[in-house]
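Nothing in this text is a laboratory measurement; each read-out follows from the coordinates by a stated rule. These figures come from a predicted structure and were not determined experimentally. Quick reminder, even Gly has a Cβ in these numbers, built from the backbone with ideal geometry, and neighbours come from all protein chains shown.
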Amino acid sequence: MEKITDLKELKLMANTIRKDLIEMLLEAKSGHSAGPLGMADVFAVLYFNILNYNPKNPEWKERDRLILSNGHIVPVRYAAMAEAGFFPKEELKTLRKLGTRLQGHPHDLALPGLESTSGPLGQGTSIAAGVALAAKMDKKDFHVICLAGDGEINEGQAWEAFMFAAKNKLDNLIYVIDRNFIQIDGNTEGIMPLDPLNKKFEAFNFHVIELDGNNIKELIKGFEKAKTLTGKPICIIANTVPGKGVSFMENKFEWHGMPPNKEQAEKALKELNETEEKIKAGN
Ligand SMILES: Cc1ncc(C[n+]2csc(CCOP(=O)(O)OP(=O)(O)O)c2C)c(N)n1
Ligand SMILES: [Mg+2]
């Protein structure tokens with residue numbers, strides 16, 4: 001992959017991914033807005049700084065594995081993959097269309113570069129733990145990065161997999177939680193309180209790193225540190241703002257599973273274009 005180290009370039013990439021997202025969701029007329037926008041910085045950092053992969057050879061055996069457990073945020077992965085050269089950007093407009101490779105939830109067999117099929121929440125944790133254990137048995141030194149939503153870990157299956165990962169000392173597993181405090185129908189702490197989440201993961205024998213998931217510099221530092229930790233699996237609690245970058249979507253759970261209409265998309269793109277100019281000007 002082509003590594004970008006310049007922070008400004010990475011910020012611009014995250015902003016471009018956000019613009020791609022708005023255009024895709026408008027065209028699809030259905031899909032999720034808040035989670036993907038909130039995770040655009042994480043995806044810019046993963047695909048352009050952290051992950052080892054080859055877009056021209058997606059099955060390369062030594063690649064890092066990115067398991068997307070919260071499958072509903074997959075549009076942000078498609079946008080990052082298109083920017084990274086896995087497929088042409090025009091294909092982004094086929095999101096959720098009949099026969100597309102870009103299904104509303106990731107279909108592993110449809111699109112090279114996805115690592116698992118997901119949508120049913122909780123399952124990706126088990127998949128990732130299994131892949132990490134297999135990597136250890138095969139003496140491979142790639143990392144397995146699993147992304148999950150905070151509401152997602154209401155699912156008991158996730159906690160079974162955490163115990164399994166800790167028991168097997170899967171220090172090649174980096175489990176990233178999108179800590180955005182929303183889920184499908186409200187605030188996470190009102191529906192099923194998760195805090196103190198850091199202490200829960202410590203008690204489950206994970207290394208814990210907490211960071212601002214919308215801060216490119218902190219993300220790079222956090223992932224780099226995570227790669228050096230040993231003896232236990234790693235949990236990165238990434239505090240993000242759902243809907244980040246589009247002011248009228250920020251922190252509103254109603255945007256969990258709703259696309260923008262034409263007027264809203266125009267407003268969002270105007271805002272993101274202004275942000276682009278600000279980043280270019282160095283603010
Ligand atoms: C097993 C299962 N139960 C319910 C759903 C429906 N569902 C999809 S996303 C979601 C909310 C998950 O919350 P979170 O992971 O925090 O996602 P966010 O709203 O932050 O994007 C729910 C309940 C599902 N996909 N799978
Ligand atoms: Mg959430």
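Structure notes:
- When each of LYS140/LYS221; LYS8/LYS61; LYS93/LYS136 is checked by Cα-Cα distance, pairs over 27 Å: LYS8/LYS61; LYS93/LYS136
- Think of each Lys and Arg Cβ as +1 and each Asp and Glu Cβ as -1; about the Cα centre, that makes the dipole of the chain roughly 520 debye.
- A simple packing score, the average count of other Cβ atoms within 10 Å per residue, orders the peptides 265-275, 160-170 as 160-170, 265-275, with the highest score first.
- Anchor LYS3: aspartates and glutamates whose Cα lies under 20 Å away (excluding residues fewer than 8 positions away in-chain): ASP41, GLU59, GLU62, ASP64, GLU83, ASP141, GLU218, GLU224
- Amide H partners (placed H, <5 Å) of CYS235, local residues excluded: TYR175, HIS207, VAL208, ILE209
- C-alpha center-to-center spacing [the range 186-241, the range 171-185] in angstrom: 8
- Amide H contacts of VAL241 (H built 1.01 Å from N, under 5 Å, at least 5 apart or other chain): none
- Converting the Cα gyration tensor eigenvalues of the range 7-280 into ellipsoid dimensions via √(5λ) gives semi-axes, longest first, of 28, 21, 18 Å.
- Whole-Hz Karplus values for the range 172-180 come out as 8, 9, 10, 9, 10, 9, 6, 8, 10 Hz, taken residue by residue from phi with 6.51 cos²θ - 1.76 cosθ + 1.60 and θ = phi - 60°; glycine and proline positions read x.
- Relative contact order for the chain: 25 percent, from Cα pairs under 8 Å spaced at least 6 residues apart, divided by residue count.
- For ILE67, distant residues with modelled amide H under 5 Å away: ILE145, CYS146, LEU147
- Prolate/oblate/rounded call for the range 215-282, Cα gyration tensor, a/c under 1.5 rounded: oblate
- Derived from the Cα gyration tensor, the three semi-axes of the equivalent ellipsoid of the range 20-147 are 24, 15, 13 Å, largest first.
- The range 191-283 - charge dipole about Cα centre, Lys and Arg +1 at Cβ, Asp and Glu -1, debye rounded to 20: 340
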